[in-house]
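Accompanying notes for the structure given below.
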Amino acid sequence: MTMAVPSGVACIKQGAEARVFDLPTFLSLPQGCIAKERFKKTYRHPDLDRQLTNKRVVQEARSLYKCKKAGMDTPTLYFVDMNTATIFMEKISGITVKQRLLDYQATQYSGVDFASLSKYIGESLAKMHSLDVIHGDLTTSNLMIRETIESVVIIDFGLSYISNLAEDKAVDLYVLERAFASTHPNTEELFESILSHYLNAYKNSKAVMNKLEDVRLRGRKRSMLG
Ligand SMILES: Nc1ncnc2c1ncn2[C@@H]1O[C@H](COP(=O)(O)OP(=O)(O)O)[C@@H](O)[C@H]1O
Ligand SMILES: [Mg+2]
């Protein structure tokens, strides 16, 4: 069975690998639906491209399902069409953490509740890592704030994989730390607070935090070498 995005639907986001569509009346779902379609990259050999695309679709669908099943607030998976490399999932009503922080950057984040935000992000990451899901691309545009209930939703699992290694989890956190540092000035305290919630909420977090120190050191050395 295949399921295509109806023609004429506007794309809401076009990334390097995928287009995201908003289908408000699709499948008679009251809250609407998001279709994420990975397109062909002509600069890659067609076989390799197909292989990589399939892998990402499968990884994204698997991780969405695994996280949801374990009680995390991630988009509900509705349908996967391997022919068109499209995932149909719940539409999260809300905005990305990136957008929220950018909206309030000029006023030193006056309208952002840092205490709740760091708690929700830290606890979601803790839960995800306790399932051995490594996200692989943690940025503030891959974290969404739900409008209706108080929650942060992790999205964009295309580069995710399963690992129980503290090192892999530390790199995941480091990627997010770099994303905060490069996109959102003066959020060091916010990130520290995210880490402290992560520490409290995840039983193996101590090992991850130790590794995080190593990963940071390596990062600094690399940037000194240029
Ligand atoms: N389930 C969803 N609900 C609402 N918005 C979404 C959803 N999935 C993606 N988006 C929006 O589309 C953007 C791009 O989607 P994402 O899965 O991160 O793909 P990309 O690989 O292009 O980064 C997100 O930053 C978010 O704004
Ligand atoms: Mg993304």
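Working ranking of peptides 148-161, 205-218 by packing, defined as the average number of other Cβ atoms within 10 Å per residue, highest first, is 148-161, 205-218.
Taking Lys and Arg as +1 and Asp and Glu as -1, the other residues whose beta-carbon sits under 14 Å from that of SER163 total 0. Ligands, DNA and RNA left out, the 1.4 Å accessible surface of the chain is 54% carbon and sulfur atoms.
Here the average projected area of the convex hull drawn through the C-alpha atoms of segment 103-226 stands at 8.2 nm². Extension gain for the segment ASP103 to THR25, taken as residue separation times 0.36 nm less the Cα-Cα distance, is 25.2 nm to one decimal. Close amide H contacts of HIS184 (hydrogens built in the peptide plane, cut-off under 5 Å, sequence separation of 5 or more or a different chain): none are found. Taken about its Cα centre, the chain carries a charge dipole of roughly 620 debye when the Cβ of each Lys and Arg holds +1 and the Cβ of each Asp and Glu holds -1.
Quote the relative contact order of segment 11-90 in percent (integer), defining contacts as alpha-carbon pairs under 8 Å separated by 6+ residues. Computed over segment 11-90, the figure is 26 percent. Near SER196, once Lys and Arg are set to +1 and Asp and Glu to -1 for all other residues with Cβ below 14 Å from its Cβ, the sum equals -3. Taking 30 Å as the straight-line reach from the Cα of LYS40, the lysines in range (excluding those fewer than 8 positions away in the same chain) are LYS13, LYS55, LYS66, LYS68, LYS91, LYS98. Per residue, the chain reaches -15000 deg cm²/dmol at 222 nm when only DSSP H runs of four or more residues are counted, each adding -39500 (n - 2.57). Once you sort the root eigenvalues of the Cα gyration tensor of segment 141-206 as a ≥ b ≥ c, which label holds: rounded (a/c under 1.5), prolate (a/b larger than b/c) or oblate (the other case)? Cα axes put segment 141-206 in the rounded bin.
The relative contact order of segment 94-225 comes to 30 percent, based on Cα pairs under 8 Å that sit 6 or more residues apart. For the chain, the equivalent ellipsoid derived from the alpha-carbon gyration tensor has semi-axes of 29, 21, 18 Å in decreasing order.
Coupling constants for segment 202-213 follow from the phi torsions by the Karplus curve (6.51 cos²θ - 1.76 cosθ + 1.60, θ = phi - 60°), and in residue order they are 10, 5, 9, 5, 4, 4, 5, 5, 4, 5, 4, 4 Hz; glycine and proline get x. Taking amide hydrogens as placed 1.01 Å from N in the peptide plane, the amide H of THR76 sits under 5 Å from those of GLU90, each at least 5 positions away in sequence or on another chain. Per residue, segment 52-159 exposes an accessible area of 42 Å² to a 1.4 Å probe, with every protein chain left in place. Roughly speaking, what is the centre-to-centre gap between segment 180-226 and segment 86-128 when only Cα atoms are used, to the nearest Å? First find each Cα centre; the distance between them is then 18 Å. Here the extension length gained between SER141 and ALA70 equals 23.3 nm, from 0.36 nm per residue of separation less the Cα-Cα distance.
The values are calculated or read from the model by the stated rules, or taken from the named source; none is laboratory data. Source: prediction; values computed, not measured. Don't worry about glycine lacking a Cβ; one is built from the backbone with ideal geometry, like all the others, and counts go over all protein chains shown. Surface accessibility is based on the protein's heavy atoms, side chains included, excluding ligands, DNA and RNA. Shrake-Rupley method; radii C 1.70, N 1.55, O 1.52, S 1.80 Å.
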